[in-house]
Amino acid sequence: MSKNLMETEETNRLTREEEEEEEEDDEDSREAWTEEENEEDGDENDEDLEFLCLFCDFKYSSCDALFDHCRLTHFFDFNGIRKDLGLDFYGSFKLINYVRSQVADNRCWSCGVCCQSKQDLQSHLHPSVNAKDVKLLLDDDKYLNPFMQEDSLLYSFEEDEDECNTSFEKEEFVKDFGSVCIDDDDTAEETELNAETYNKDKKTVMACPNGHLSLASSSKRITENGMDYGESARSVESNPKDKQSRVCIADVVEKDIKNINDSYFGSYSSFGIHRDMISDKIRTDAYRQALLKNPSLLNGAVVMDVGCGTGILSLFAAQAGASRVISIEASEKMATVATQIAKDNGLWGSKTDSEGNKSCTGVIEVVNCMVEDLDKSIQIQPHSVDILVSEWMGYCLLYESMLSSVLFARDRWLKPGGAILPDTATVFVAGFGKGGTSLPFWENVYGFNMSYIGKEVVEDAAKFPIVDIINHHDLVTNAAVLQSFDLATMKPDEVDFTATAELEAKNDTLDHKATACYGVVLWFETGFTSRFCKEMPTVLSTSPYTPKTHWSQTILTFREPISVASSKFTAEGSAAVGTDACPASKILLRISIAHATQHRCIDISLETAGVGSDGRKCSWPVQMFNLT
């Protein structure tokens, strides 16, 4: 009995070992099969990403996705340009090859500027100044030859355009767009969309009950501060198993912009910033004079103050006799502060106080919102405002991108012929010498020569714009107008600009001798002109020739100084223009200022050329600056 038991146990042990070995073999087979599947899936995913961006190394699985990326990131609207230029298939084919050829040479497809590196080109790219100029270049049949071998984009851009629906995998969609709400037959009951539907240019937009948007066969464009940020998301459908999917997309781009705006307006909750602005006598006196010294403009007027802050301009308007002042402030804290200040000065215009039991007879009402959302907060008739006032200017005039908000308010609420204060803005440029750099400081530090540091500091300065004060004695050229804006008539898309200027050496100080120009300085003036301020026009200037303001000036430093002298200087032989032997008598500038990819920042490109007294010309590589 004991022997049989032992034999039985031995048999069971061997059987278990055999079963374990079989299970291990099965597991190994499954793992090998899974690895093979994963490798195949990876290969398939790589194959899916077949469309290479025209400007960078990103790849996309569809032409639509690629062109969205090009438009949002590189300012190249393929479909918009095709439409504007009326390009057929062959014209579009040429356009793709043309752009790829320009990018390969680090050259801007739109304006033709040649950059030093691919990175510089990425920084320089800007919306097309005049796409019609490009059409002339497309007449060359050489662009019918593919610039890039096996460029699948050349043979697919028409196909994606004709498709109304694009299939997708839910996991990939969520990964790409973040927060989404999906009503699927597998996950939730069918939800009917009881919402308004409107058609515009054959695009359908439906509002979902949860407040998100469902965009059918179309896309929604994001507009913030008057600027178009392009398509935020796309509604797509697929029927792999004859099942309908309804997708409500959280608007990712709007969320990003909202976060930046929250941070931006939150920064203005600091009282220190407002003290600096109010203490800026040049700034505050200019607005005070425009509002208080022009009674024919202000008496009985309805005034809108965009970005009121503490409400100082609103207080001036009320003091000048306005019948109603609508003060708009996006910072919640400052809106509360402005309200209390209006109350404390007996100028708050609400009929009752916060307890609902005290009558007020003032004219100021503070609204806490962005001006683009004003309709959601109060009822105000379009084109019912007599005067639009705002202190919107930033460094280099356009930093902070607030001008677009002012133009939005102008177009929606200002009466025809109504006043906008200020009503003009002008950007100036001039060249500065060694005294505008830190070199003099480092050349004599308690008797020691530390110019080695100064040279490195100047080299670093050529990479970034500097906001600082320049003494007018340090200017070595005349000042020139770079760009002028008429705020009463300009269009929102004219905020970004490219302009040229010509600088000449200052004869009064150089005495026909050569001197070094280390870069250019930008400043601005805003005018409260006699067009609206008939009794007392005024000018707010941030010039180096006037008392300093909190805006200072914006300094763009050359990579290397350019020697300049009057046209009477006699050059030595065939020396290079811009050197001490052959100083430039003129400096030619081409400057572009445009909204940066980062919301509320600006990009500045600087192209420089020198002309010698003998007419010879020398150009230097374009420089890119980002003001953040």
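The values are calculated or read from the model by the stated rules, or taken from the named source; none is laboratory data. No experiment lies behind these values; they were computed from the predicted model shown. A quick note on method: Cβ atoms are made from the backbone with ideal geometry, for glycine too, and the neighbour counts reach across all protein chains shown. These area figures cover heavy atoms from the full protein model, side chains too; ligands, DNA and RNA do not enter into them. Shrake-Rupley method; radii C 1.70, N 1.55, O 1.52, S 1.80 Å.
At a glance:
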quantity	calculated
Residue within the range 439-456 that is under 31 Å from the mean Cα position of the chain (by Cα) and among the β-branched types (Val, Ile, Thr) present	no
Check on residue 470, open to solvent by less than 70 Å² (accessible area, probe 1.4 Å), in the same structural domain as residue 501 (by the TED database), not aromatic (Phe, Trp, Tyr) and not in a loop (DSSP other than H, G, I, E, B)	no
Qualifying residues in the range 132-158 (those that are assigned to a helix (DSSP H, G or I) and in contact with a Lys or Arg (Cβ under 7 Å, 6 or more places away or on another chain)) - the one surrounded by the fewest Cβ atoms within 10 Å (Cβ to Cβ)	144
Residue 447 vs. criteria open to solvent by less than 20 Å² (accessible area, probe 1.4 Å), assigned by the TED database to the domain that holds residue 592 and not acidic (Asp, Glu)	no
Looking only at the range 363-380, and only at residues there that are without any contact (Cβ under 8 Å) to a residue 12 or more places away in the chain and out of contact with any strand residue (DSSP E or B) (no Cβ under 7 Å at 6 or more places or on another chain), the one that is farthest from residue 333 (Cα to Cα)	379
Test: residue in the range 101-111 that is under 23 Å from the mean Cα position of the chain (by Cα), under 30 Å from residue 604 (Cβ atoms) and open to solvent by less than 10 Å² (accessible area, probe 1.4 Å)	yes
Pairs where the first residue, in the range 563-575, is on the phi > 0 side of the Ramachandran plot and the second is modelled with pLDDT of 85 or more and not small (Gly, Ala, Ser), C-beta under 9 Å, 6+ apart	573/582
Count of the range 373-422 residues which are closer than 28 Å to residue 627 by Cα, surrounded by fewer than 20 Cβ atoms within 10 Å (Cβ to Cβ) and either among the β-branched types (Val, Ile, Thr) or not assigned by the TED database to the domain that holds residue 329 (or both)	0
Selected residue (only one of 425, 488, 461 is open to solvent by less than 10 Å² (accessible area, probe 1.4 Å) and touching a strand residue (DSSP E or B) at 6+ places or on another chain (Cβ under 6 Å))	425
Residues of the range 69-127 that turn out to be part of a loop (DSSP other than H, G, I, E, B), of a type in the set (D, E, K, R) and farther than 18 Å from residue 139 by Cβ, as a count	2
Selected residue (only one of 549, 500, 542, 597 is among the hydroxyl-bearing types (Ser, Thr, Tyr), within 29 Å of the chain's Cα centre (by Cα) and open to solvent by less than 10 Å² (accessible area, probe 1.4 Å))	542
Members of the range 119-131 that are in contact (Cβ under 8 Å) with a residue 12 or more places away in the chain and either open to solvent by 90 Å² or more (accessible area, probe 1.4 Å) or among the hydroxyl-bearing types (Ser, Thr, Tyr) (or both)	123, 128, 129
Selection within the range 576-587 - open to solvent by 50 Å² or more (accessible area, probe 1.4 Å) and either without any contact (Cβ under 8 Å) to a residue 24 or more places away in the chain or not acidic (Asp, Glu) (or both)	576, 579, 586
Of all residues making up the range 46-70, the number that are open to solvent by 30 Å² or more (accessible area, probe 1.4 Å), of a type outside the set (A, V, I, L, M) and either in contact with an Asp or Glu (Cβ under 9 Å, 6 or more places away or on another chain) or farther than 19 Å from residue 122 by Cα (or both)	9
Unique residue being among the hydroxyl-bearing types (Ser, Thr, Tyr) and modelled with pLDDT of 95 or more when the list is 515, 489, 509	489
